[in-house]
Amino acid sequence: MSWRHRFEAWGAGVFFAAMRALPLDTASALGGALARAIGPCLGVSRRAMSDDDYRAFARKALEDYVEPTMDPGVREALEAYVARRKEAIGQGEP
């Protein structure tokens with residue numbers, strides 16, 4: 001194990017010990033502030049999709065969607081079941 005890893009592990013241990021010593025609300029607020037400060041600097045944040053990219057991706061996925069085929073016998077059985085349940089629910093049964 002390199003000295004760098006040992007130092008990082010020691011630093012993390014000191015940080016977690018300090019957080020453990022704080023009241024829960026204070027530790028939570030401090031951890032949240034630290035995450036908000038560090039989060040945008042991480043590579044995963046830079047690689048994340050923007051809202052516009054995500055909407056374009058979702059729109060394309062919906063446009064390309066093809067409904068899967070279903071065996072006619074299975075479809076009839078499913079429709080009959082749904083009809084029975086609707087009738088039962090209409091009568092107040094769960």
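The values are calculated or read from the model by the stated rules, or taken from the named source; none is laboratory data. Not measured: the values here are computed from a predicted model. Here Cβ is always computed from backbone atoms with ideal geometry, including for glycine, and neighbour counts include all displayed protein chains.
Tell me whether region 62-77 contains one or more residues that are at pLDDT 90 or above, basic (Lys, Arg), surrounded by 10 or more Cβ atoms within 10 Å (Cβ to Cβ) and not in a loop (DSSP other than H, G, I, E, B).
Yes, region 62-77 contains at least one residue that is at pLDDT 90 or above, basic (Lys, Arg), surrounded by 10 or more Cβ atoms within 10 Å (Cβ to Cβ) and not in a loop (DSSP other than H, G, I, E, B).
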## Note on the structure
When (1) part of a loop (DSSP other than H, G, I, E, B); (2) at pLDDT 90 or above are applied to Ala18, the one that fails is (1)
## Note on the structure
Here the qualifying pairs (Cβ atoms under 6 Å; residues six or more apart or on different chains; first in region 21-34 and part of a helix (DSSP H, G or I); second surrounded by 10 or more Cβ atoms within 10 Å (Cβ to Cβ) and not β-branched (Val, Ile, Thr)) come out as Ala27/Met19
